[in-house]
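Some notes on the structure that comes next.
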Amino acid sequence: MHIILFGAPGVGKGTQAEKISADYRIPQISTGEMLREAVANNTELGKKAKLLMETGQLVPDNIILGIVEDRILKDDCKNGFILDGFPRTIPQAEGLSKLLKKHSLPEFKCLEIAVPDEQIIERLMARGRADDTEEIIRNRLKVYNDQTAPVRSYYQNDGAFVSIDGNKSIDDVYNEIKIHLS
Ligand code: AMP
């Protein structure tokens with residue numbers, strides 16, 4: 001099972017990805033988590049990503065595509081994986097399509113979790129991560145609407161795209177996801 005979880009920051013992608021990962025025994029690949037780890041370990045990648053992340057901007061596509069390619073070639077990805085927070089730009093989506101061909105991976109199911117903007121702001125403010133101040137949140141939503149929302153149409157014309165109402169309880173959202181995965 002190869003899944004893209006798509007949606008704005010704060011819609012619950014990470015929470016749902018964890019549940020899918022546990023039930024279907026496939027790893028959750030969160031580019032945000034990988035980058036936060038790199039920042040915490042002060043690696044070369046972390047040094048490049050730190051300021052961009054602190055201001056809610058995106059890390060360059062070529063860097064992201066490199067870390068995703070390395071990650072999806074690991075053994076635990078053989079039966080599939082969940083992409084959480086990637087692809088976030090059209091070039092990333094195009095790069096992913098190339099990786100599919102290059103490594104003969106199957107097509108992805110793209111599941112969008114949709115939540116209205118005002119609710120996203122409330123949820124992120126409540127989450128309280130270092131990059132969750134109101135100003136940075138608004139910037140991340142702007143970046144999302146400018147750069148990531150177009151990725152939706154990249155997958156939307158595809159039969160494997162489905163949009164799920166994320167304005168519900170965690171369990172209700174997850175039950176709907178499961179219907180689309182069966
Ligand atoms: P996230 O945890 O997915 O919200 O990601 C946190 C931050 O990491 C984002 O605000 C970006 O700065 C960076 N980031 C994560 N994933 C990507 C990606 N696919 N492309 C570019 N930047 C990313």
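Does L83 satisfy being among the aliphatic types (A, V, I, L, M), within 14 Å of the ligand (Cβ to nearest atom) and more than 19 Å from I179 (Cβ to Cβ)? Criteria met by L83. In the condition set (1) over 22 Å from E122 (Cα atoms); (2) part of a loop (DSSP other than H, G, I, E, B), G10 is compliant with all but (1).
Of everything listed in (1) surrounded by 21 or more Cβ atoms within 10 Å (Cβ to Cβ); (2) under 23 Å from E134 (Cα atoms), the single unmet condition for I3 is (2).
Being at pLDDT below 95 and closer than 23 Å to L73 by Cα is true for just one of M1, M34. Which residue is that? After ruling out the rest, the residue left standing is M1.
Looking only at residues of the range 68-78 that are touching a Phe, Trp or Tyr at 6+ places or on another chain (Cβ under 9 Å) and either aliphatic (A, V, I, L, M) or modelled with pLDDT under 95 (or both), we find that the one that is nearest to the ligand (Cβ to nearest atom) is V68.
The values are calculated or read from the model by the stated rules, or taken from the named source; none is laboratory data. None of these values were measured; they are calculated from a predicted model. In this analysis, Cβ positions are derived from the backbone assuming ideal geometry, glycine residues included, and neighbour counts consider all displayed protein chains.
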